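First comes the structure, then the notes that go with it.
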Amino acid sequence: MICRLRSSILLLLLISVTPDSSAITVAADEIMQRVISGESVILDGVTVSGSLNLSGIEPRIVRREFVITDSEIGDADLSGVVFEGAVNLTGTRFDDLTFESAVFSQGAIFDQIEVSGDASFEGAHFKRDASFSGSRFSGAAEMNFTAFDDYGYFAESAFLGGLRISSSAFQGFADFYGARISGDFICLNTEFSDGAGFMSTEFEEDANFGMSSFAGYTSFEGSVFRGDANFALARFDKAVYFGDITFEGDAIFGLTQFEGLANFAGTHFLGDLNLNSARIDAFVLENTTFGSASRINLKGAEFRRLTAPWSQMKDHLLYDGATYLALVKNYQDLEWFEDADDCYYDYRREAQRRKPFGWGRIIDYLAWITCGYGVRPSYPFVWSIVVMALFGMVFYLGKGIQRQPVKENPERLREDSPAEGTPASLHESIYFSALVYLYSTSSLDFRPSGIYRYLVILEGVLGWFFLSLFLVSLGRVMIR
């Protein structure tokens with residue numbers, strides 16, 4: 001009892017020795033003695049001399065408030081300590097800081113702290129709110145295997161040496177609004193049970209969310225990923241918003257599960273977008289932009305609804321036949337029929353280029369130039385105009401069509417009798433060509449002679465062929 005009274009008196013004397021709080025110095029041993037005595041630690045604007053090490057006390061329990069604000073502490077090791085009261089270290093500066101396996105039974109406030117060295121909260125357990133708003137970590141920050149039972153607040157914090165929170169669990173909302181992470185961000189196999197907010201967060205190096213799960217609404221709106229962003233094997237149970245984001249490196253979502261809406265509207269992809277074998281319920285890629293060398297990988301992906309205009313994807317999609325056909329069906333389900341036709345057309349063109357030379361490639365080539373693989377009705381229409389005009393010019397220049405003289409009984413003229421009359425004019429030759437092309441017949445007022453009789457048969461066959469292609473292609477477009 002006497003020892004406890006002496007410690008209290010000494011600590012009060014140290015605090016009140018001068019009105020200038022910046023000159024107050026408190027020995028780390030005195031703080032430790034107060035903790036051992038079960039008393040509150042409430043200090044503001046002090047300098048703690050010596051290393052603050054509570055990891056060796058027995059029992060490692062701080063029973064009352066632990067408050068050291070706007071102060072300076074060298075090394076602080078509070079590993080394994082159980083804090084039964086509130087913890088507040090707002091504005092305090094540390095060299096190195098360790099709270100490994102510590103337990104915070106009440107709220108823990110680390111707002112605007114500065115750690116010039118490394119900081120570790122690995123294995124710690126925050127049973128109430130944990131706030132790191134505006135804090136600054138110059139070295140590595142370790143929070144692996146850490147449990148946050150309530151709200152985790154990291155807004156406007158700076159992690160200059162990177163942040164690692166792998167295998168951690170956030171039962172409450174995790175808020176990283178405006179945070180800046182200059183080193184690697186490692187968040188493997190971490191659970192966000194109530195969602196997460198990474199709005200306007202800057203990831204200066206690689207960010208790895210692999211195998212993490214997001215059970216609540218999650219948003220990365222306005223964030224910047226300057227390195228690779230890896231979400232491989234991650235799971236989003238509800239809506240996730242990746243809108244207005246810049247991915248300067250690769251965006252990796254291989255084997256990722258999107259059970260709710262995934263909205264990437266207005267996002268910029270300067271690297272590749274990898275959705276290999278992803279499972280997607282609803283995916284929005286409208287108003288997105290891709291770098292000139294960016295590639296989109298949808299191989300093996302399963303998607304129910306992909307809202308992404310073909311004009312944005314066509315120059316970046318990696319070739320995979322099944323993916324193209326799945327996109328065609330997707331556009332048809334969306335009633336984006338022009339996108340469906342354009343996607344199918346580009347698919348057939350790419351498939352044609354990859355085929356070895358042979359009959360298959362020749363047939364594909366004919367299907368392309370004649371009807372655009374059945375999705376371009378304009379192709380056979382233009383061919384029809386060209387063929388009619390071409391044959392009309394041939395008939396005119398070769399004088400192969402003769403205007404017949406008027407006969408009382410023209411049906412008695414023999415087909416092989418010598419041609420009579422004058423050659424048809426240009427417009428008459430084109431008129432004759434159109435009749436042959438459209439109806440496979442000719443007017444009795446005109447008669448082909450010599451080899452031109454065979455050209456008439458050829459034009460009739462071409463007319464039947466191109467008109468059939470035109471009607472089939474047009475019907476395919478109109479019937480839907």
For the stretch 219-231, Karplus-derived ³J(HN,Hα) couplings (6.51, -1.76, 1.60; θ = phi - 60°; whole Hz; x for glycine and proline) come out as 9, 10, 3, x, 7, 10, 10, 7, x, 6, 10, 10, 10
For volume of the Cα convex hull per residue in Å³, the choices are (1) 146; (2) 196; (3) 160; which was calculated from the structure?
-> (3)
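For the stretch 194-243, what class follows from the C-alpha gyration tensor (a ≥ b ≥ c being the square roots of its eigenvalues): rounded when a/c is under 1.5, otherwise prolate if a/b is larger than b/c, else oblate?
Here the stretch 194-243 falls in the oblate category.
Quick check for me: using +1 on Lys/Arg Cβ and -1 on Asp/Glu Cβ, what's the dipole size of the stretch 179-309 about its Cα centre, in debye to the nearest 20? Could you put the intermediate results ahead of the total?
On the way: 9 positive and 18 negative charges, 91 e Å.
Rounded to the nearest 20 debye, it is 440 debye.
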Debye, to nearest 20: dipole size of the stretch 36-88, +1 on Lys, Arg Cβ, -1 on Asp, Glu Cβ | 200 debye
Estimate the FRET efficiency between F357 and Y319 by the formula 1/(1 + (r/R0)^6), using the beta-carbon distance for r and 25 Å for R0, to the nearest 0.05.
-> 0.85
Roughly how many percent of the accessible protein surface of the chain is carbon and sulfur, given a 1.4 Å probe and a whole-percent answer?
-> 54 percent
Using the heavy atoms of the protein chains alone and a 1.4 angstrom probe, what is the accessible area of the chain per residue in square angstrom?
-> 47 Å²
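Can you show me the helix-derived [θ] at 222 nm for the chain, built from DSSP H runs with n ≥ 4 at -39,500 (n - 2.57) apiece and divided by the number of residues, rounded to the nearest 500. Display every interim value, and only then the final one.
Details: 9 runs with 132 residues, N = 480.
Helices in the chain give a 222 nm mean residue ellipticity of -9000 deg cm²/dmol.
Hey, can you list the DSSP H helices of the chain whose Cα span along the axis is 15 Å or longer and whose average Kyte-Doolittle score is at least 1.6? Don't skip to the answer; put the middle values down first.
Working: long enough: 2-15 (20 Å, 2.01); 321-333 (18 Å, -0.21); 337-354 (26 Å, -2.08); 359-371 (18 Å, 0.72); 378-397 (28 Å, 1.79); 426-439 (19 Å, 0.89); 452-478 (37 Å, 1.46).
Flagged H segments are 2-15, 378-397.
Starting from the Cα gyration tensor of the stretch 173-273, take the square roots of the eigenvalues, sort them a ≥ b ≥ c, and report rounded, prolate or oblate (rounded when a/c is under 1.5, otherwise prolate if a/b is larger than b/c, else oblate). Working shown, then result.
Numbers: a/c = 1.29, a/b = 1.23, b/c = 1.05.
Taking the square roots of the gyration eigenvalues as a ≥ b ≥ c, the stretch 173-273 is rounded.
About the Cα centre of the chain, what is the dipole size in debye to 20, counting +1 per Lys and Arg Cβ and -1 per Asp and Glu Cβ, all else neutral?
Details: 38 positive and 62 negative charges, 602 e Å.
Computed charge dipole of the chain: roughly 2880 debye.
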I451: accessible area at probe 1.4 Å, nearest 10 Å²?
-> 120 Å²
Using modelled backbone amide H atoms (1.01 Å from N, in-plane), which distant-in-sequence or interchain residues come within less than 5 Å of T307's amide H?
-> F283, V284, L285
Give the residue from G291, Q312, V328 lying farthest towards the positive end of the charge dipole for the stretch 289-339; charges sit on Cβ (+1 for Lys and Arg, -1 for Asp and Glu) and the dipole is referred to the Cα centre.
-> G291
Between the modelled labels at R128 and D29 (7 Å from Cα along Cα→Cβ) the distance in nm is 3.3 nm
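Sorted by mean Cβ packing within 10 Å, highest first, what order do the peptides 301-308, 245-252, 80-87 take? Don't skip to the end; give the middle numbers.
Numbers: 301-308: 17.6, 245-252: 21.2, 80-87: 19.5.
Sorting 301-308, 245-252, 80-87 by mean packing, highest first, produces 245-252, 80-87, 301-308.
Provide the net charge surrounding R180, with neighbours chosen by a C-beta distance below 12 Å and charges set as Lys +1, Arg +1, Asp -1, Glu -1. Could the numbers behind the result be given before it?
Values: positive: R136, R226; negative: E156, E202, E204, E205.
Summing Lys/Arg as +1 and Asp/Glu as -1 gives -2.
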Please name which of Q257, G172, F209 has its Cα lying farthest along the dipole of the chain towards the positive end, using unit charges on Cβ (Lys, Arg +1; Asp, Glu -1) and the Cα centre as origin.
-> Q257
Any lysines with Cα under 22 Å of the K314 Cα? List them, leaving off those in the same chain fewer than 8 positions away.
-> K299, K329, K355
Any idea which of S133, Y454, I109 is furthest toward the positive side of the dipole for the chain, if Lys and Arg beta-carbons carry +1 and Asp and Glu beta-carbons -1?
-> Y454
DSSP beta bridges in the chain: the antiparallel percent, rounded to 5, is 5 percent
Y454 and N189 label points (each 7 Å along its Cα→Cβ direction) are spaced in nm at 7.9 nm
Convert each backbone phi in the stretch 63-73 into a coupling constant with the Karplus relation 6.51 cos²θ - 1.76 cosθ + 1.60 (shift: θ = phi - 60°), then list the ³J(HN,Hα) values in order as whole Hz, x for Gly and Pro.
-> 7, 10, 4, 10, 10, 9, 10, 6, 10, 10, 10
Could you work out the mean projected area of the convex hull around the alpha carbons of the stretch 214-301, in square nanometres to one decimal?
-> 4.7 nm²
Taking a probe of 1.4 angstrom, what is the accessible area of D244 in Å², to the nearest 10?
-> 80 Å²
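The values are calculated or read from the model by the stated rules, or taken from the named source; none is laboratory data. Just so you know, these numbers come straight off a predicted model, no measurement behind them. Positions of Cβ are generated from backbone atoms using ideal geometry, with glycine treated the same way; all protein chains shown enter the neighbour counts. Only protein heavy atoms, including side chains, enter the accessible area calculation; ligands, DNA and RNA are left aside. Shrake-Rupley method; radii C 1.70, N 1.55, O 1.52, S 1.80 Å.
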